[in-house]
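In what follows, a single structure is set out as structure tokens and then discussed.
The values are calculated or read from the model by the stated rules, or taken from the named source; none is laboratory data. If you're wondering where the values come from, they're calculated on a predicted model, not measured in any experiment. FYI the Cβ positions are ideal-geometry reconstructions off the backbone, even for glycines, and counts take in every protein chain you see. Only protein heavy atoms, including side chains, enter the accessible area calculation; ligands, DNA and RNA are left aside. Shrake-Rupley method; radii C 1.70, N 1.55, O 1.52, S 1.80 Å.
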Amino acid sequence: MWAKITLLMLVMSSAVGVIGLPYTQIRTVNITNNLGANIELNVHCKSKNDDLGQQQIPYKDFWYFKFRPNFWGTTLFYCSMNWEQISHWFNIYVDARDNPKCIICQWSIQAKGPCRFNCTSQNYDICFPWNP
């Protein structure tokens, strides 16, 4: 019985990979520091299962990570962001918000909050407030 279920799940996951449904595609989150000259952004991103560690991003530089969203559509990555004496956090990837809108989610980090790149306008004009 369990062998049949396992085989069925394996066949289904192989078929899904072949047809390329959105939740099977690798996603990239790109975080760019646009806080201002000489301001270094410290970022620490995590999910329920992964801790990506502390990253230091100089002004106008970027850091990125890649992952595969889970089957259930509940993938969430959140990041704490610190510079000078300021500290915020933000849900940098929320499956319900970002999948399938962005295979590569490009974020510009500004003091007022993070802004995602808009493929239609070609600007970072999809802005969000920091999480409370």
Handout entry: Residue list for region 31-41, filter: open to solvent by less than 40 Å² (accessible area, probe 1.4 Å) and either in contact with a Ser or Thr (Cβ under 8 Å, 6 or more places away or on another chain) or farther than 18 Å from Trp89 by Cβ (or both)
Key = Thr32, Gly36
Problem - Breaking point among (1) surrounded by 18 or more Cβ atoms within 10 Å (Cβ to Cβ); (2) not in a loop (DSSP other than H, G, I, E, B), for Pro69 - result: (2)
Handout entry: Residues of region 101-118 satisfying the condition of being under 16 Å from Val29 (Cβ atoms), open to solvent by 40 Å² or more (accessible area, probe 1.4 Å), in contact (Cβ under 8 Å) with a residue 12 or more places away in the chain and not in a strand (DSSP E or B)
Key = Ile103
Practice task
Go over the candidates Tyr93, Tyr59, Tyr124 one by one and state the one that is out of contact with any Leu (no Cβ under 6 Å at 6 or more places or on another chain), open to solvent by 40 Å² or more (accessible area, probe 1.4 Å) and assigned to a strand (DSSP E or B).
Solution key: Tyr124
Problem - From the options Lys112, Lys101, residue that is at pLDDT 95 or above and charged (D, E, K, R) - result: Lys112
Handout entry: Matching residues in region 76-90 - criterion: being open to solvent by less than 30 Å² (accessible area, probe 1.4 Å) and in contact with a Ser or Thr (Cβ under 7 Å, 6 or more places away or on another chain)
Key = Phe77
Problem - So Tyr23, is it at pLDDT 95 or above and not basic (Lys, Arg) - result: no
Problem - Pairs where the first residue, in region 57-75, is among the hydroxyl-bearing types (Ser, Thr, Tyr) and the second is part of a loop (DSSP other than H, G, I, E, B) and open to solvent by 50 Å² or more (accessible area, probe 1.4 Å), C-beta under 9 Å, 6+ apart - result: Tyr59/Ala37; Tyr59/Asn38; Tyr59/Glu40; Thr74/Lys48; Thr75/Lys48; Thr75/Arg68
